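The structure appears right after this line, and notes come after that.
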Amino acid sequence: MTTSLARLLRYDVWANRQILDSIPQGNSPAKSLRWMNHILAAELLWLSRIAGKPAPLPVWPDLPLRDCARNLDELSGELLKSVDYQPLSQAVTYTNSKGESWASTVEDILTHVVIHSAYHRGQIASDLRSAGHEPAYTDYIHAIRQRFVE
């Protein structure tokens, strides 16, 4: 795996953990919890597609916050590890949620995972702020400057 892609994936795992930890227990804004569930389910879905396995969750699951933490723990261990056995240029064929067949490279899929998750983390941050909570600061450059991601 390229060093920069591996770094982006490590950042993604870190940022997901930070944003998950900023969602309040017991009083989670519904949209924030829904987006967090979607981030994790989508990442697991893409890893399943790379591995040629069925998705472990629907794309928009409705799970409590504790299940998000469990899914993040599973995902964190698999994200970097699961792609080491395939070349980044290898095509992965899959059927999307609309029933359309596609083929994308492992590299394009993993790049998409990072960008897709960042988009939804931004939605969560906005939702948390509007509900009076302080979201995590998950900017990539912040993670690098503070050496949260090497």
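Annotations for the structure displayed:
- Residues in region 13-63 that are surrounded by fewer than 19 Cβ atoms within 10 Å (Cβ to Cβ), in contact (Cβ under 8 Å) with a residue 12 or more places away in the chain, in contact with a Leu (Cβ under 9 Å, 6 or more places away or on another chain) and charged (D, E, K, R): R17, D62.
- Residue within region 96-107 that is at pLDDT 95 or above and either within 13 Å of the chain's Cα centre (by Cα) or closer than 19 Å to S4 by Cβ (or both) present: yes
- When L88 is tested against (1) modelled with pLDDT of 95 or more; (2) among the hydrophobic types (A, V, I, L, M, F, W, C); (3) in contact with a strand residue (DSSP E or B) (Cβ under 9 Å, 6 or more places away or on another chain); (4) part of a loop (DSSP other than H, G, I, E, B), only condition (1) is not met.
- Some residue of region 108-125 being part of a loop (DSSP other than H, G, I, E, B) and out of contact with any Lys or Arg (no Cβ under 7 Å at 6 or more places or on another chain): no
The values are calculated or read from the model by the stated rules, or taken from the named source; none is laboratory data. Fair warning: this is a prediction, and the values are worked out from it, not measured in the lab. Here the Cβ is made from the backbone with ideal geometry for all residues, glycine too, and neighbour counts use every protein chain on show.
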